[in-house]
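Heads up: the structure comes next, in structure tokens.
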Amino acid sequence: MIPNSSNKPIVIIGAGIAGMSLAYNLQKLGIDFKLFESLPSISENGMGFLIMGNGMRMFDKMGIGNQIRGQNMPVNCYNSINAEGTILNSSHMDDCIIMKRKTCVKEIYKRIDKSRVFFNKRLIDVEEVTGTDLVKLVFDDGTIEETTLVVGADGVRSQLKQYLFPLMDNEQADYKEIVGISNNKVYAQNHLYGFNKINCSDQGFNVGIIPCSEDSVIWFIQLNESIIQVPEGTKEDLLNFALSFAAKLPKEHAQLFDAESIENIFLWKMRDSDVLDSFYKNRIVLIGDACHPLLSLTSQGVNSALEDAYVLSRHISKETNPLEALRKYEYERKKVISEIIDGGRTLLDQFVNYDKYHDFHVPYIEETTRLNQLLSHPKEKVCEYVPSELYPKSSSKLRILYFTDPICSSCWGIEGQMRKLKLEYGHAYTIDYRMGGLLPTWVNFGEGGPINEPSDVAHHWNEASPNYRMPINGDIWLEDPLDSSYPPSIAYLAAKLQDRSKALKFLRRIKEMVFIYKKNTTHFDHLLNAAQFAGLDLERFEYDYHHYAKDLLSHDLALKRSLNVRGFPTMFVSNETDQIILYGTKRYHELEKAFKKLNPAISKRPITLSNEALFAKFGSMTTTEFEMLSQNIQDSALLELERLHKNRVIDKVEIHNGILWVNNLSKMKENAV
């Protein structure tokens, strides 16, 4: 921490997202600060923004990532669309959300010590006191504050930046952006989790549309001012101008531009600036827009501000010399910001001068910069910003989007295959488990089908067990039937908010509870037992279950509908360009075939674990799972399991149609029954 002979707190000018994030990071580190804001209260003005993977990592480091994910709409799919409505490119997005600015502001501000925040404090003068390490700040109400470190987080018109660099100016870019929010439940429901970008560069505009809730969307119109001039006038003039674009868009997207549905509208005049020679001078340092206003084409303004705040606070906490902390902050961030600025200018040039890019392919920006990729579609004259999380390089892993349900017998039947896939190909893919909502309620369930009531499931499970060669106890549907699969699904998502690895352990446990132990996992005490077994923080699990996870289930169900998922398990396996959809319980060689089709060079890692090590890793296995993973044939597998049981390495839980073998050393049986 910075030594301070006069014990002066760090002064932050500007209580926007950058300033508040820095304040909260310093507060967590136990570093004293004062936050000054010229407005009478926290500003909630502004529409919204994409928080990309790099921004979400900063929220995670702040300790609020799960809350942010739980309260905001994820964005999982990017679609580049031409003027006729044809999708030119569709790519998966990872750990990205759309967030209203007021939500972001409130989430950070509520965590800051309010006694350290001062409003109605407009900075009017800055003086570096000669012969000392002090900086004197004068505010318009006569307040004078002296400190040894000042952080300028006061936005694109930063007074501290003007003080440090009086000749530096932010030039207005050749394009503007109209941003609005429309209330349109039909569109939002049909395009949940999607980012649609309609590219009309040859006409002088692009339109982006992102649902931010289940009944509203944020949209923006990017305008090439050399082709289309934005009228200077009232807000009503701006609204009428925006409405005129409806006639130029595909019908499906034009419906958003309706006067009655538009809730708010705003005009952004884009600013461009060269990277500063220095991010600090003496005891004054700049972060966020005050340091580097970024073109909105990059979607990196807020994300970079969050990174600035985290990096600066980290170096302040580690260095005894404040100037060394500022030097390291600048060193770490300057190269990143330089490449974002260059990338933004390339994108702007492609938008404004699209004709010259017919045969131009924009190179990838290095992943180490945490800037997203640049991608062009020369034939369609479409130049598009595609984040690296959306469109990974060809060397990236395969991705599985897996729709399942905690009481799905077919999903239980594929457990062995999924475990083997993890052992042999876990290095080559990532997987995202999504809940499918198999049983919302028994009311009107299964009309016209073979399953209409709980007793039908008992019969179905008893028939399914030999088909999957997995033990399944259907008696639960006769003795204590579940009335919905939503509670265990919500519980899994609450666990996922806390720890993805432990969430998978939790999911396995609640499956065993239902299929083996006949435990009704709609009862919260069983869910708590499973959470304890998985090593989750029980207090946080219960809080997330009741406050955040229900919204996540709604998100998963909306995504399921948008992808037309009708049964479980369903897996979307994809590389950077192609996708294979796998429906139902697949044999292992079918999963391998899909992997090899998408990545012919994929390598298999042989399973070298001993039988004891397999139980140590997984804790429990059915006989069929052990056969798959130990590569023993059926009879020899059973003999080996009996040997391990006789030697008290494992115990067995036997039901009428199979056995679950449990590692005695893993405490798997605690709280089970």
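The values are calculated or read from the model by the stated rules, or taken from the named source; none is laboratory data. Here the structure is a predicted model, which is why all the values come from computation and not from measurement. FYI the Cβ positions are ideal-geometry reconstructions off the backbone, even for glycines, and counts take in every protein chain you see. In case anyone asks, the SASA skips ligands and DNA or RNA and just uses the protein heavy atoms, side chains included. Shrake-Rupley method; radii C 1.70, N 1.55, O 1.52, S 1.80 Å.
Quick one: would you say LYS518 is among the basic types (Lys, Arg), within 27 Å of GLU463 (Cα to Cα), over 26 Å from the mean Cα position of the chain (by Cα) and open to solvent by less than 50 Å² (accessible area, probe 1.4 Å)?
In short, no.
Look at ALA259 and say whether it is over 21 Å from ARG57 (Cα atoms) and among the small types (Gly, Ala, Ser).
yes
Being part of a helix (DSSP H, G or I) and aliphatic (A, V, I, L, M) is the filter; apply it to region 625-636 and report the residue that is surrounded by the most Cβ atoms within 10 Å (Cβ to Cβ).
LEU629
Looking at ILE97, ILE68, ILE81, ILE51, can you tell me which residue is over 13 Å from the mean Cα position of the chain (by Cα) and not small (Gly, Ala, Ser)?
Being over 13 Å from the mean Cα position of the chain (by Cα) and not small (Gly, Ala, Ser) holds for just one of ILE97, ILE68, ILE81, ILE51, which is ILE81.
Could you list all residues from region 63-107 that are among the charged types (D, E, K, R) and closer than 20 Å to LEU249 by Cβ?
Selection gives GLU84 alone.
Among the numbered criteria (1) under 21 Å from THR147 (Cα atoms); (2) at pLDDT 95 or above, which one does PRO322 miss?
For PRO322, the exception is condition (2).
Condition first: touching a helix residue (DSSP H, G or I) at 6+ places or on another chain (Cβ under 6 Å) and either under 20 Å from PRO406 (Cβ atoms) or in contact (Cβ under 8 Å) with a residue 24 or more places away in the chain (or both). Now tell me which residues in region 556-581 satisfy that.
PHE568, PRO569, VAL573, ASN575, listed by residue number.
Touching a strand residue (DSSP E or B) at 6+ places or on another chain (Cβ under 9 Å), touching a residue at least 40 places away in the same chain (Cβ under 8 Å) and either open to solvent by less than 90 Å² (accessible area, probe 1.4 Å) or not hydroxyl-bearing (Ser, Thr, Tyr) (or both), is that true of THR622?
Answer is yes for this residue.
Could you check, for region 597-613, whether at least one of its residues is out of contact with any Ser or Thr (no Cβ under 7 Å at 6 or more places or on another chain), free of Cβ contacts under 8 Å to residues at least 60 places away in the same chain and surrounded by 14 or more Cβ atoms within 10 Å (Cβ to Cβ)?
Yes, because at least one residue in region 597-613 is out of contact with any Ser or Thr (no Cβ under 7 Å at 6 or more places or on another chain), free of Cβ contacts under 8 Å to residues at least 60 places away in the same chain and surrounded by 14 or more Cβ atoms within 10 Å (Cβ to Cβ).
Any residue that is within 23 Å of the chain's Cα centre (by Cα), closer than 20 Å to CYS411 by Cα and open to solvent by 60 Å² or more (accessible area, probe 1.4 Å) - is there at least one of those in region 588-595?
No: region 588-595 contains no residue that is within 23 Å of the chain's Cα centre (by Cα), closer than 20 Å to CYS411 by Cα and open to solvent by 60 Å² or more (accessible area, probe 1.4 Å).
Failed condition for GLU463, given (1) under 20 Å from THR622 (Cα atoms); (2) touching a residue at least 24 places away in the same chain (Cβ under 8 Å), with all others met?
(2)
Can you tell me which residue is nearest to the chain's Cα centre (by Cα) among those in region 304-352 that are closer than 16 Å to ALA153 by Cα and of a type in the set (Asp, Glu)?
For region 304-352, the residue satisfying everything is GLU307.
Looking at region 529-578 only, could you name the residues that are open to solvent by 50 Å² or more (accessible area, probe 1.4 Å), among the aliphatic types (A, V, I, L, M) and more than 22 Å from ILE97 (Cα to Cα)?
LEU538
In region 409-423, what residues are in contact with a helix residue (DSSP H, G or I) (Cβ under 9 Å, 6 or more places away or on another chain), open to solvent by 10 Å² or more (accessible area, probe 1.4 Å) and not hydroxyl-bearing (Ser, Thr, Tyr)?
Scanning region 409-423 gives GLU415, GLN417, MET418, ARG419, LYS420, LEU423.
Do any residues in region 330-346 that are within 11 Å of ASP274 (Cα to Cα) and open to solvent by 60 Å² or more (accessible area, probe 1.4 Å) have Cβ atoms under 9 Å from those of residues that are at pLDDT 85 or above and among the β-branched types (Val, Ile, Thr), where the two are at least six apart or on different chains, and which pairs are they?
Here the result reads ASP342/VAL275, each pair linking region 330-346 to a residue that is at pLDDT 85 or above and among the β-branched types (Val, Ile, Thr).
Residues of region 470-501 being modelled with pLDDT under 95, under 25 Å from PHE626 (Cβ atoms) and buried (at least 17 other Cβ atoms within 10 Å of the Cβ), which ones?
none
Look through region 108-123, keep the residues that are of a type in the set (A, V, I, L, M) and more than 13 Å from GLY14 (Cα to Cα), and return whichever of them is surrounded by the most Cβ atoms within 10 Å (Cβ to Cβ).
Top of the filtered list is ILE108.
Quick one: is VAL151 in contact with a strand residue (DSSP E or B) (Cβ under 9 Å, 6 or more places away or on another chain), part of a strand (DSSP E or B), surrounded by 17 or more Cβ atoms within 10 Å (Cβ to Cβ) and in contact (Cβ under 8 Å) with a residue 60 or more places away in the chain?
In short, yes.
Checking the structure you have, find out if any residue of region 280-294 is within 23 Å of ASP342 (Cβ to Cβ) and over 31 Å from the mean Cα position of the chain (by Cα).
Looking for residues that are within 23 Å of ASP342 (Cβ to Cβ) and over 31 Å from the mean Cα position of the chain (by Cα), one finds at least one in region 280-294, hence yes.
Of the residues GLU146, GLU127, only one is in contact with a Leu (Cβ under 7 Å, 6 or more places away or on another chain), assigned to a strand (DSSP E or B) and surrounded by fewer than 16 Cβ atoms within 10 Å (Cβ to Cβ); which?
Only one candidate qualifies: GLU146.
Looking only at region 202-261, count every residue that is in contact with a Pro (Cβ under 9 Å, 6 or more places away or on another chain) and farther than 14 Å from GLU177 by Cα and tell me the total.
Number of matching residues: 3.
Tell me yes or no: at least one residue of region 637-653 is in a loop (DSSP other than H, G, I, E, B), in contact (Cβ under 8 Å) with a residue 24 or more places away in the chain, surrounded by 13 or more Cβ atoms within 10 Å (Cβ to Cβ) and of a type in the set (A, V, I, L, M, F, W, C).
Checked against the condition, which is being in a loop (DSSP other than H, G, I, E, B), in contact (Cβ under 8 Å) with a residue 24 or more places away in the chain, surrounded by 13 or more Cβ atoms within 10 Å (Cβ to Cβ) and of a type in the set (A, V, I, L, M, F, W, C), region 637-653 yields at least one hit.
I'd like the full set of residues that are open to solvent by 10 Å² or more (accessible area, probe 1.4 Å) and not aromatic (Phe, Trp, Tyr), limited to region 306-316.
Within region 306-316, ARG314, HIS315 qualify.
Does region 562-582 include one or more residues that are within 20 Å of ARG419 (Cα to Cα), in a helix (DSSP H, G or I) and of a type outside the set (A, V, I, L, M)?
no
Is it the case, given these coordinates, that ASN462 is modelled with pLDDT of 90 or more, closer than 18 Å to GLY567 by Cα, open to solvent by 10 Å² or more (accessible area, probe 1.4 Å) and in a helix (DSSP H, G or I)?
So ASN462 does not fit the description; no.
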